[in-house]
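So the structure is just underneath, and the comments pick up after that.
Bear in mind that the values in this text are calculations on the coordinates, not laboratory data. Being a predicted model, the structure only gives us computed values, none of them experimental. Methodologically, a virtual Cβ is constructed for each residue, glycine included, from the backbone with ideal geometry; neighbour enumeration extends over all protein chains shown.
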Amino acid sequence: MTASTVPMIDPFGRTIDYLRVSVTDRCDFRCTYCMAEDMTFLPKKDLLSLEELDRLCTAFVEKGVRKLRLTGGEPLVRKNIMHLVRELSRHLKSGALEELTLTTNGSQLARFADELADCGVRRLNVSLDTLDPDKFRAITRWGHFGKVMEGLEAAERAGLKVKINAVALKGFNDGEIPEMLRWAHGRGMDMTVIETMPMGEIDADRTDQYLPLSLLRARLENEFTLTDIPFKTGGPARYVEIAETGGRLGFITPMTHNFCESCNRVRLTCTGTLYMCLGQEDAADLRQPLRASEGNELLHAAIDAAIGRKPKGHDFVIDRRTNRPSVSRHMSVTGG
Ligand code: SAM
Ligand code: SF4
């Protein structure tokens with residue numbers, strides 16, 4: 001492999017060294033804020049093969065990507081996904097890639113945690129919005145809380161560092177966040193809370209779900225001592241340390257505090273479409289240059305052209321007048 005010495009830099013001077021790959025749009029859950037209950041998924045024939053996904057990811061690594069995250073849909077429900085993880089792990093071994101990681105709902109972790117660790121995965125983000133099994137069922141529609149807990153235990157045993165991601169949902173889990181914090185920090189896991197974003201048609205009304213994290217933070221301050229810290233994981237979260245638990249809490253605030261100025265990432269879908277911004281519709285087709293030749297020259301040129309039109313940022317809005325998603329695709333297409 002010929003690793004590029006020239007980093008990818010977008011029109012706003014931001015270095016792009018992080019690729020998120022949605023390896024499938026399918027999922028074994030139907031979280032109410034993410035999907036409609038009755039979803040139409042892509043026909044299987046439209047998906048890139050695992051070999052093609054490997055080639056695409058490798059092209060990005062050649063162009064300076066240092067961190068790769070597999071997401072979805074649920075990445076661990078894609079057939080033979082561990083084949084891709086194992087193939088990609090060669091870039092960890094060569095030193096071209098600093099980190100290979102996943103965002104998962106945890107349902108399949110009991111099966112895969114050991115193998116993930118064996119492939120060089122060190123950290124995982126596990127999405128979990130509640131510790132109450134009944135509420136868990138209500139929010140995921142199809143998920144089993146017990147299986148996720150087994151998955152977390154398997155991840156711990158395998159030595160994987162887990163961060164819990166919770167979407168803050170008004171009237172659903174806002175009252176529970178203190179308990180979740182104590183639970184996560186008690187098990188040595190960091191936690192991040194996320195504002196719900198207006199992506200894709202869902203059955204619920206997003207204005208009913210949306211909770212500005214500034215409000216949540218103010219409420220947490222009644223119970224805990226929060227200290228801002230400069231800790232960074234290369235993402236948009238701003239972290240505080242909680243004196244009472246000794247753990248870290250991240251806030252991802254796409255709605256109340258736009259963090260686009262430090263954006264370092266692009267997102268690839270399982271059909272080879274590259275989204276340069278989570279909150280914009282513009283995209284570049286990489287499948288055509290991928291399939292047009294066996295070498296990577298066309299692909300590299302298409303990636304350069306795409307990075308050359310990465311937009312400045314998103315324009316998410318959630319309010320009663322704008323009763324439509326800001327972008328029509330669901331989060332599961334790009335994986336958050
Ligand atoms: N299935 C995996 C999971 O749930 O972790 C990976 C894909 S999921 C789309 C990635 C993250 O996006 C999850 O943490 C989920 O909670 C979050 N998410 C989904 N829809 C969202 C929305 N409309 N606003 C904010 N976060 C959302
Ligand atoms: Fe599936 Fe993740 Fe979306 Fe939930 S948030 S429906 S687990 S893709």
Taking the condition outside any strand (DSSP E or B), over 22 Å from P325 (Cβ atoms), out of contact with any Lys or Arg (no Cβ under 7 Å at 6 or more places or on another chain) and of a type outside the set (A, V, I, L, M), does E201 pass? no
Within the range 16-55, can you find the residues that are under 29 Å from I303 (Cα atoms) and charged (D, E, K, R)? D17, R20, D25, R26, K44, K45, D46, E51, E52, D54, R55
List the residue pairs whose Cβ atoms are under 8 Å apart, where the first residue sits in the range 102-116 and is in contact (Cβ under 8 Å) with a residue 40 or more places away in the chain, the second is surrounded by fewer than 23 Cβ atoms within 10 Å (Cβ to Cβ) and acidic (D, E), and the two are 6 or more positions apart or on different chains. N105/D28; S107/D28; Q108/D28; L109/E150; A110/E150; A110/E153
Only one of D25, D46, D54, D10 is surrounded by fewer than 22 Cβ atoms within 10 Å (Cβ to Cβ) and either within 13 Å of ligand 2 (Cβ to nearest atom) or without any contact (Cβ under 8 Å) to a residue 40 or more places away in the chain (or both). Can you tell me which? D54
Residue hits (the range 114-144; surrounded by 17 or more Cβ atoms within 10 Å (Cβ to Cβ), within 15 Å of ligand 1 (Cβ to nearest atom) and among the small types (G, A, S)) are S127, G143
Exactly one of these conditions fails for V193: (1) without any contact (Cβ under 8 Å) to a residue 24 or more places away in the chain; (2) within 28 Å of E98 (Cα to Cα); (3) of a type outside the set (G, A, S). Give me its number. (1)
Could you tell me whether F136 is in a helix (DSSP H, G or I), among the aromatic types (F, W, Y) and farther than 18 Å from P254 by Cβ? yes
If you check every pair at least six apart or on different chains, which have Cβ atoms under 7 Å apart with a residue in the range 160-182 that is more than 13 Å from T192 (Cα to Cα) and in a loop (DSSP other than H, G, I, E, B) first and a residue that is within 16 Å of ligand 1 (Cβ to nearest atom) and of a type in the set (A, V, I, L, M, F, W, C) second? L160/A113; L160/L116; L160/V121; L160/L124; K170/L211; F172/I139; N173/A166
Determine, yes or no, whether E221 is in contact (Cβ under 8 Å) with a residue 40 or more places away in the chain, of a type outside the set (A, V, I, L, M, F, W, C) and away from ligand 2 (no atom under 16 Å from the Cβ). no
Number of the exception - F172 against (1) away from ligand 1 (no atom under 12 Å from the Cβ); (2) under 30 Å from N80 (Cβ atoms): (2)
Of (1) more than 25 Å from R309 (Cα to Cα); (2) in contact (Cβ under 8 Å) with a residue 40 or more places away in the chain, F60 satisfies all except one. Which? (1)
For the range 172-209, the count of residues that are on the phi > 0 side of the Ramachandran plot, within 14 Å of ligand 2 (Cβ to nearest atom) and surrounded by fewer than 17 Cβ atoms within 10 Å (Cβ to Cβ) equals 0
Given the condition crowded, with 21+ Cβ neighbours inside 10 Å and closer than 30 Å to Q209 by Cα, answer yes or no: does some residue in the range 83-96 qualify? no
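Considering each of G246, G235 in turn, give the residue that is on the phi > 0 side of the Ramachandran plot and of a type outside the set (D, E).
Going through G246, G235 in turn, the sole match is G246.
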Scan of the range 206-240 for residues that are aliphatic (A, V, I, L, M) and over 22 Å from the mean Cα position of the chain (by Cα), ordered by number: L215, A218, L220, L226, I229
